[in-house]
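Each value in this text was obtained by applying a stated rule to the coordinates, not by laboratory testing. Because the structure is predicted, anything quoted here is derived from the model rather than measured. Here the Cβ positions follow ideal geometry from the backbone for every residue, glycine too, while neighbour counts run over all protein chains shown.
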Amino acid sequence: MNSMSVWEATANERPKRPVLQGEKTCDVVIVGGGFTGLSVAYHLQQRNVETVVLEKGVVGGGASGRNGGEVLIGYVESMRSLAKKYGRAAARQMFQMSLDSIDLIERIIQEEDIACDFQRNGNLLAAYKPSHLDDLKREQQFLYEAYQFESKIVEKEDLHTELDSSFYHGAFVDERSAIFHPLNYCLGLAKAVERRGGTIYEHSQATKIERVTPDKVIVETHNGRIVAQQVGLFVNAYTTGLHDVIDRAIVPVESIVLATEPLPPALCQQLIKHNRAASDTKRLLYYFRRTADNRMVFGGSGRTASKRDARTLFDKLREGMVTVFPTLKDAKVEYKWSGKVGFTFERIPYIGQLEDGTHFAFGYAGHGAAMSTLLGKLVALNMLNEGDRHNPLDRSRLKPIPFHSQHARAVGIMKYYFKFLDYIS
Ligand SMILES: Cc1cc2nc3c(=O)[nH]c(=O)nc-3n(C[C@H](O)[C@H](O)[C@H](O)COP(=O)(O)OP(=O)(O)OC[C@H]3O[C@@H](n4cnc5c(N)ncnc54)[C@H](O)[C@@H]3O)c2cc1C
């Protein structure tokens, strides 16, 4: 199931881009026209490095044009948990990167004048169980003590000041996260790449990468080829078997989203009062936000194997939305779509360069709307030999995820397990 998203239906005008035909040369060839690949191209073009982006479908056709548009601080795991795993210093650097990523996006939007409804009103993480609020309180305290980062806890009895919902048991709120129209940001970034001299080919799937010498690489498509000095692969969860090592280091997990019809503005404003990004602490989480045209966008997890499956999943998602926001019981759902979220084994994004010279960045685990633009910039710096290879997300040796070929089954089983954990925890 892959129908039209509300973002596609409300997108800014996009130019028709050419299909690669014949042989072309450039400095760097970039595979993947999402946030990551376009950010690499953008930052290289700023330094007058000639780039070509090859996109299998259209710009933003992968996750970048179909996500929830929640531009969030942090990672899928809490910073407390990351500090335990990687040490305080590494976790501090990782947290700072997540803040920097949103600043970078804000700057690009301003400098390139990208109309994408960017609103920096923060993020609300709602507690699904009373015990989850205790966890959120510990996280809030940790963020303050370790990083002097200010955030707040909203107790259950005050939650009405944030949400028109009594479903949750309180919430954690930060003021630094944002929301945007993800496809319009992506299209704006693509335009900025082209304005700076980069070339983007659409409907031009890379089918083979051949490293000829350390500074010559050939990337083939069905109708042509690019001869370049460097190559980067930025396909995240939308892998096509192009690079075995990268493919086996990422697991795609499907997520489904719906958008209501435009609601009466006063009703819509009540739902999420400060127009923040929002999600909850369930392992099979819900995420939700308002749009600029007063719709509710509501997402969750779900693999849509068949049409019947899809109907049931979207019915359940709608039920979930009405459980959280009972005032939406009569709201018509106008758009339903799905997409693939990329996870690494460690559930943090990876950036680096493999021994064969291929650069990469992927595996944002549902937090890529923010982080992908920054990692794209850092890849560009790596390509210019100006990068800091000691960054805690650098994994130049990629280990395959155990039992990767079984991942679809494993993800299905994990979802039942997570449902069970949500029930008992
Ligand atoms: C439904 C959904 C909701 C999400 N919500 C959020 C959210 O609210 N907040 C958040 O932070 N993150 C969210 N995410 C995750 C976020 O969208 C991604 O982390 C981010 O878009 C990744 O960007 P990317 O450029 O790395 O990958 P993508 O945007 O997926 O781009 C990869 C591109 O590579 C192309 N490609 C693949 N193979 C080839 C090939 N062989 N040749 C040429 N091109 C190729 C694909 O067509 C695709 O366009 C969500 C994801 C989904 C699917």
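Below, the figures for the structure above:
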item	result
Burial ordering of 134, 174, 388, fewest other beta-carbon atoms within 10 Å first	388, 134, 174
Lysines with Cα under 23 Å of residue 85, excluding same-chain neighbours fewer than 8 positions away	137, 282, 399
For the chain, built as a Gaussian network whose Cα springs stay under 10 Å, the top-fluctuating residue of 347, 66, 107	107
Listed residues 148, 229, 93, most fluctuating in the chain (Gaussian network, C-alpha, under 10 Å)	148
Net charge over other residues, Cβ less than 12 angstrom from the Cβ of residue 68 (K, R count +1; D, E count -1)	+2
Cα pair distances in the range 81-203, grouped into 10 Å bins until the bin that holds the longest one, percent each	11, 30, 28, 21, 8, 1
Charge tally in the Cβ shell below 10 Å around residue 175, where Lys, Arg are +1 and Asp, Glu are -1, residue 175 excluded	+2
Most mobile listed residue (154, 235, 322) in the chain, GNM with C-alpha springs under 10 Å	322
Two-site label geometry, residue 21 and residue 77: point separation in nm, points 7 Å out along Cα→Cβ	5.0
Pair residue 3, residue 46: separation of 7 Å Cα→Cβ label points (nm)	4.0
Per-pair calculated FRET efficiency, R0 = 60 Å: residue 293 and residue 385 via Cβ, rounded to 0.05	0.85
Charge-dipole axis of the chain as Lys and Arg at +1 and Asp and Glu at -1 on Cβ define it, positive-most pick from 360, 190, 209	209
Dipole magnitude of the range 6-413, debye to nearest 20 (Cβ charges: Lys/Arg +1, Asp/Glu -1, about Cα centre)	940
Over the chain, volume per residue of the alpha carbon convex hull, in Å³	135
Order of 164, 309 - criterion: other Cβ atoms within 10 Å of each residue's Cβ, fewest first	309, 164
Theoretical gain in end-to-end length, residue 103 to residue 12 [0.36 nm per residue, Cα-Cα removed]	30.4 nm
Length gained when the stretch residue 96-residue 394 is fully extended (0.36 nm per residue, less Cα-Cα span)	105.7 nm
Entries in 56/208; 156/273; 208/340 that, when Cα-Cα distance is taken, lie over 19 Å	208/340
Within the range 225-268: backbone nitrogen closer than 17 Å to the residue 322 label point (7 Å, Cα to C-beta)	258-261
Ascending count of other beta-carbon atoms within 10 Å, so fewest first, for 160, 390, 367	390, 160, 367
Leading residue at positive end of dipole, the range 6-413 (Cβ point charges), from 128, 39, 114	128
Full-extension gain in nm, residue 311 to residue 194, via 0.36 nm per residue minus C-alpha separation	38.1 nm
